[in-house]
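The values are calculated or read from the model by the stated rules, or taken from the named source; none is laboratory data. Being a predicted model, the structure only gives us computed values, none of them experimental. Here the Cβ is made from the backbone with ideal geometry for all residues, glycine too, and neighbour counts use every protein chain on show. Side chains included, ligands, DNA and RNA excluded: accessible areas come from the protein's heavy atoms. Shrake-Rupley method; radii C 1.70, N 1.55, O 1.52, S 1.80 Å.
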Amino acid sequence: KNNFEANYRFGLLYLTMQDMDNASRYLNTALQLDRNHPHLLYQIGVLMFSGNKYNEAISFLEKAESLNEKNASLYMYLGLSYEKINKPEKAKENYERAIIQDPNDKKLRDLLDSVLIKLKPAGDPYFQSERSNMIDDEKDEEFILPVNDKAIRSRLMDDEL
């Protein structure tokens, strides 16, 4: 009961087996024995995320980072947690940090792309949307057509309609 390593390892084992109750019990016991163990703080952050406790997850993950736990997975969970509490700017920052740690991870790039779509301001002419054809591209757009006096008179005089 007073052995940090044993409690930490049992917590990881239960976390791997998706037994969150026992994982929580052992990881919290380990936390009582060492409150500044960066790997433990990271694992508790993951546990909090899996329990939909996003603010707590952020707290543990950021503390782990401050103690030099810097890996792609940590930043990914921070990004996901910030997205869940509707802070897309912070999510973006953390996805970018994750990509720096693991530039070849496609999942991280997909997460960053999805949050960038949420951050694009409405009406941004440089943003490529999901529109697929010209009709979709022109939908809801206003086009101001230059019309001179001669064209107006010609249309008004057109009797063939």
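Here are some notes:
- Ser73 sits with roughly 40 Å² accessible to a 1.4 Å probe, with DNA, RNA and ligands left out of the calculation.
- Here the calculated FRET efficiency for Glu5 and Ile100, from their Cβ-Cβ distance with R0 = 35 Å, stands at 0.65, rounded to the nearest 0.05.
- Set of lysines near Lys107 by C-alpha distance (under 26 Å), chain-local residues within fewer than 8 positions excluded: Lys53, Lys63, Lys70, Lys84, Lys87, Lys90, Lys92, Lys118, Lys120
- Near Asn7, once Lys and Arg are set to +1 and Asp and Glu to -1 for all other residues with Cβ below 14 Å from its Cβ, the sum equals +2.
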